[in-house]
Structures are given as C-alpha cells and as structure tokens.
Amino acid sequence: MEEPSREEADTTTINNNTQMIPQVLQVLQALKQASHDIQHSSSSSSDDHSPAINALLQLHTTLSTDSPLSHHLHRLKTLLDSLHNAKGIRSFLTRPLSAHSISRVAASIEAELQAWIDRETTQTLSRSLTNNHDLLLLLPLLTQLIDRVNQGFDREFQNLVLTMKLFSSLESLLFDEKCQQPVREHAGMAIAALIRFNKDVFVGQVLMGPTVRALVSMASVDSLDVLCSLVKSIRSPFVDEIESNGEIPKIIALLGSDDLQLTVLAVEVVLEIGYFGRKEAIEAMMKEGVVEKLVELQRLEVEGGGGGMRHPFASCVAMFAVQLDVGEGLRQREKRALKPEILERVRKASLSDAESATIVAEVLWGSSP
C-alpha cells in the first residue's frame, strides 16, 4: 500500500473494486488500534517487539519514503533500535525517555492513520452513493462515517466531507423511497450526526421539508430518533417545517402505535416539539388530541421484568405541560392560555375523578406558575 499525501484525495494503491474497500479500511483500523495500543502499553519499552509494533514496522516496508506516515514509522524504528542497542547503565537511564518518545511517535502515527481512514471512507462512500445503493456495502460505510463524526470536530475531516459533497448525497439517499429502509435510516443518522458535528456549517445544507417528510413517512424507531435529534439541533425552524408540511397529525397518530418502542420515540418527539414549537405547531398538536392520547398512554401498563407491571409513560401529561411552560417556542401569554385548556382536556379524557385529580395535580405541581 502506498500512503497518499494529504493534498491528494486519490489513493492509487487501493483496489478500485468498491467491494474490496471495506477490507482495506479494516486493515487501516487495525493498524490505528496498534498505534493506540503502543501509547498505553509498557511493552513498547521492551527489547522484544510487541505484535502492535511488528504490525507497524511491516507497514513501514510498504510505504513510499516521502510521506508523513513513513517519516513517523522510520522514527519509531530508529527509537526502537536505539533502545534495543542500549546496554548497562545507559539502558537504565535512557529507557524512560525512549518509552516516552515512542509513545509520542505512536500518537503521530495514529493521527496519520486516522487521516488516511477518513480519506478512504469519504471517497469510497462518495463513489458508492453515486454508483449504487448496495445494502451490504453502504451500511458498514455509513456506520463508519457516523462513528467517525461522533468522535468530535476535526477540520480536516470536515473539509473532506464538504469536498466530496457527502451531505447532499446523504439527503438524496434519505429521500429515495426505492432504497432499502435501513440504508435510508442510516443516511438520516449520518445527517443528524453531521449537524451535531458542526451545526454552523451543516444546518444550512439541510433541505428541511423533504427531510421531515422522509423521516416521518418511514415511521420507524430509527427515523423518529433522527427526527428528534434534528428538532433538538435545529430547534424552532425545524419544528416550523414539521408543522408547515402537515406532518403533525402523522406524528400524533404514532402515539397509538402497537409498537411500544415506536410509541416511546413518538412521545419524545412530541415533547421536543412542545419545547421548541411555536403557537401554530402547538395548536396543531392540540387539535389532533395530543393531551387525550397522552392521558391514555399514562394509564397504560405493560409487563415488566420479573412478571411485574410497569408504567412506561408515567406523568407524560405533566412532562408535556412542563415542556410548553419552560420551552422557547411560545410567548408567556400563550403559555398562560394553554394551561387551562390542558387541564380541561385532562378532565374530559380521564376515566374517573381519581385519575383526573392525579393528572391535574401533576400538571399544576410540575409546571411553573
């Protein structure tokens, strides 16, 4: 393998067959882990080379000599040779310093390998998004992209994503109803991860209307999780899109799903909309009977561990009221006007005076005056 320069996006030593690329990425990941292990292992200071060191030294023999990675690997070999040749008192005195130097060089090697992995991942994913929608190929690549993004901000990696125009390609994949749903869901996860990665750069690239429609139409646990993440990241403007695209009734309908996990996510989306939503969005939810559906969910019992029963939606009406009360989407006078309406809807939806009194007390106690 010939390690490419940072300026070049192309890696000439990698097989152009995209089916082989994930194997190459696995090798690079293993080498990166080896460099990481050296930094946290006392074996790096021993005379006998560890498996991690041997793997990196083997890589050194395959690279061109003018790359940063090759330079760091050569430095590693020099340090190890010096440590191995030191004898007697000299070995005793130089060993701690040599071990520290080896650890620092290993950290530089790890950074270079991560940059190589980033280039391979973005290039391969870009080609795959353009040429095919192969489930077996795309899912590992999308998963690796999400994992990389979740490691935290990196400007060089961000530049790769922007250069490859991955964001728009991910959106196209998300919108493609002919594509398999797991791939579309992972595309949505990658979009949400990139917005968390750098909201200032990527939020402006979101086609919010089509994104909302695609996520709601899939109506899966993963798609609702992405929807909830985008509401938290983009806030009121994204909720505006949900409302203006007429998606509120579909979201509220999911509160009646037979899939408990899906219902839990739907409640979470409703709570986030309650926090960030402006008057129009909240009114749309009230019109669809959100309070009544939450009352029904609150009394739901499901079988728990050990044969007991649990209440997965306990106090959900009060939580909704609190979200409206402390949220940033409504004006104070709008918040004050909503509380009596919520209480009245609770009373009408309750099956008994006791149930009504319990939920009303939770709402009154949980919300700010």
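Determine whether the stretch 299-312 contains at least one residue that is surrounded by 22 or more Cβ atoms within 10 Å (Cβ to Cβ) and under 19 Å from LEU224 (Cβ atoms). Looking through the stretch 299-312, none of the residues is surrounded by 22 or more Cβ atoms within 10 Å (Cβ to Cβ) and under 19 Å from LEU224 (Cβ atoms). Taking LEU162 as the residue in question, decide whether it is without any contact (Cβ under 8 Å) to a residue 60 or more places away in the chain, over 20 Å from LEU31 (Cβ atoms) and crowded, with 20+ Cβ neighbours inside 10 Å. The answer is no for LEU162. When the stretch 100-141 is limited to residues that are within 23 Å of the chain's Cα centre (by Cα) and hydroxyl-bearing (Ser, Thr, Tyr), the one that is surrounded by the most Cβ atoms within 10 Å (Cβ to Cβ) turns out to be THR121. Taken residue by residue, the stretch 298-317 has no member that is acidic (Asp, Glu) and modelled with pLDDT of 95 or more. Restricting the stretch 252-299 to residues that are within 23 Å of ILE234 (Cβ to Cβ) and part of a loop (DSSP other than H, G, I, E, B), the residue that is farthest from the chain's Cα centre (by Cα) is GLU288.
Here GLU171 qualifies as of a type outside the set (A, V, I, L, M, F, W, C) and buried (at least 18 other Cβ atoms within 10 Å of the Cβ).
The values are calculated or read from the model by the stated rules, or taken from the named source; none is laboratory data. This is a predicted model, so every value here is computed, not measured. Virtual Cβ from ideal backbone geometry, glycine too; neighbours counted across all protein chains shown.
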